[in-house]
Structure formats: structure tokens, C-alpha cells
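First up is the structure itself, then whatever we jot down about it.
Readers should treat all values here as calculations from the given coordinates under stated rules, not as data from a laboratory. Not measured: the values here are computed from a predicted model.
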Amino acid sequence: MKEAIHPGIYIRDKYVKPFNLTRKLLGEYLGVTYNIVSHILGGSTEITIDMAHRLEQVLPVNAKELLIMQLDYNLSKYKNNNSLKRLNLSVRKETTENDRTEFYKRKYSIT
């Protein structure tokens with residue numbers, strides 16, 4: 001499976017570098033500072049809904065696709081940093097069904 005890429009890096013590689021756009025000029029068109037553009041294009045700041053919408057208005061990109069890219073990137077990053085043991089649910093399910101039955105019997109005074 002292909003590794004998820006930050007949407008800011010995608011924009012930098014697909015539009016900013018090939019068309020020799022400056023971060024300052026892109027910031028002016030987006031209505032944000034050079035620093036914000038720099039952090040987005042460097043992959044250190046997330047693309048928000050507002051920013052995705054702004055980018056869609058300025059560049060030939062789709063806001064929804066940028067947000068999906070951001071979500072994929074976040075999930076990939078999270079999964080790589082947070083590995084937990086998986087529960088053995090086949091054993092737990094039998095216990096859960098019995099516990100649930102007992103809970104309702106006590107709650108509703110069912111005999």
C-alpha cells in the first residue's frame with residue numbers, strides 16, 4: 001500500500017515548484033501569511049476545511065480530495081505511532097452476552 005502524503009507536500013510538488021510560485025504570492029492569493037503557507041507546504045500544519053476551500057478557489061484542486069488526503073495522512077501517522085494489542089473478542093463475546101442478560105434482569109427485576 002502506498003504511504004499517505006500530506007496534502008501540503010502534494011500541493012508543493014504538483015503546483016508550487018513546477019510553476020515557480022512563491023510562498024508569498026500564494027499566501028497573498030489565499031489571504032494568509034507567508035508563514036502559514038510555508039508550514040502547510042512543509043507538511044507541519046494540517047489542511048483545515050477553510051484552507052481546503054481557499055486552495056480550491058486559487059489552484060486547480062478539489063477541497064474534498066485535499067481533506068481526504070489530510071485524513072488519510074493523519075490516520076497513517078496515528079497508526080504508525082500507536083500500536084495496541086488486539087482483544088480476543090471470540091472469548092469476550094460469550095461473556096458479554098451473559099453479562100448483558102444479567103444486567104437487564106437486575107435492572108428490570110426480571111426473574
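Give me the number: length gained by fully extending Tyr29 to Lys2, i.e. 0.36 nm times residue separation minus the C-alpha to C-alpha distance, one decimal in nm.
Extending this stretch completely gives an extra 6.5 nm.
From zero up to wherever the largest Cα-Cα distance of the range 10-89 sits, split into 5 Å bins and tell me the percent of pairs in each.
3, 14, 23, 24, 13, 7, 6, 4, 3, 2, 1
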